[in-house]
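This report concerns only the one structure given below.
The values are calculated or read from the model by the stated rules, or taken from the named source; none is laboratory data. The structure presented is a predicted model; accordingly, all values stated were derived computationally and were not measured. Here Cβ is always computed from backbone atoms with ideal geometry, including for glycine, and neighbour counts include all displayed protein chains. Side chains are part of the model used for accessible areas, which takes the heavy atoms of the whole protein and leaves out ligands, DNA and RNA. Shrake-Rupley method; radii C 1.70, N 1.55, O 1.52, S 1.80 Å.
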Amino acid sequence: MPAASTTLRVLAASVITSLSVTGCQALDDAGVALGRADLVNDLASRMDRALEQTWAADYQLPGGRSASIAQTTDPLRSAYTWPDGKITVTQEAVTRCGNAGGRTSCEVSPPVLTAGRPSVIVYAEARKHGLVTPPAVIRLLTEAALDPEAVIDETDTTLAGHHATCVDVTRSGDRFTACVTTEGVLGSFTGTLDGKPAEATLSRYTDTVEAAAFNVPAGAGVVDRRPATS
């Protein structure tokens with residue numbers, strides 16, 4: 001069982017255990033918690049499985065901007081591109097690119113052990129820039145499932161031609177909406193991440209990825225920090 005899904009199941013089980021005491025109200029509460037846990041586990045496991053598959057997705061961001069995610073399993077690599085930067089992780093290197101003053105520069109670092117999931121590093125870097133990532137959405141859903149006061153409504157929709165399950169969550173005065181496609185790709189998100197408004201909507205999805213998705217941006221200056229090999 002993938003680590004993310006296992007964690008969610010343990011947390012959900014803890015909530016249900018704490019509610020399973022005598023009394024009809026407690027039993028009703030346990031049933032509500034079970035429903036939330038099932039919903040969270042389903043969405044989380046979809047996204048978790050997607051981290052081990054080959055696909056590419058484009059997203060529309062606020063202000064007409066865009067971002068994209070790409071990953072392949074053979075060879076194992078992943079990349080997240082946004083308006084002002086890009087990070088690519090392969091078995092040969094970690095490449096971080098940024099745009100300042102209209103000029104794009106990239107720094108190539110030695111590869112990092114990723115336990116078979118280079119996307120872990122990619123999503124951690126993307127989150128630093130305020131971008132929406134699947135792990136961040138999983139965290140919000142988990143917190144909502146553990147909150148007995150949270151209101152979670154489920155709907156279905158179609159995004160970029162793909163069916164998606166959506167949840168509208170309200171808790172402690174905050175609200176967010178997240179959709180996950182049948183393939184396990186984040187379909188959309190509207191809400192707050194790390195105290196800042198965040199939004200992304202899937203505009204294209206494909207299960208085939210071009211090698212160019214992992215190249216440095218055209219015209220970028222590149223500094224290779226990897227040790228020279230003889």
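Observations
- Checked against the criterion of being open to solvent by 60 Å² or more (accessible area, probe 1.4 Å) and out of contact with any Gly (no Cβ under 7 Å at 6 or more places or on another chain), the candidates Val185, Val223 yield just one match: Val223.
- Residue match in segment 140-151 (condition: out of contact with any Ser or Thr (no Cβ under 6 Å at 6 or more places or on another chain), in contact (Cβ under 8 Å) with a residue 40 or more places away in the chain and part of a strand (DSSP E or B)): no
- The set of residues in segment 92-109 that are touching a Pro at 6+ places or on another chain (Cβ under 7 Å) and open to solvent by 20 Å² or more (accessible area, probe 1.4 Å) comprises Glu92, Thr104.
- Candidates Ser45, Ser78, filtered to the one that is of a type in the set (S, T, N, Q), buried (at least 16 other Cβ atoms within 10 Å of the Cβ), touching a residue at least 40 places away in the same chain (Cβ under 8 Å) and closer than 29 Å to Asp153 by Cα: Ser45
- Residue match in segment 160-179 (condition: buried (at least 19 other Cβ atoms within 10 Å of the Cβ), in contact with a Pro (Cβ under 6 Å, 6 or more places away or on another chain) and not aromatic (Phe, Trp, Tyr)): no
- Filter result (in a helix (DSSP H, G or I) and under 19 Å from Asn99 (Cα atoms)) within segment 125-136: Glu125, Ala126, Arg127, Lys128
- When residues of segment 122-157 are limited to those that are surrounded by fewer than 19 Cβ atoms within 10 Å (Cβ to Cβ) and among the β-branched types (Val, Ile, Thr), the one nearest to Ser66 (Cα to Cα): Thr157
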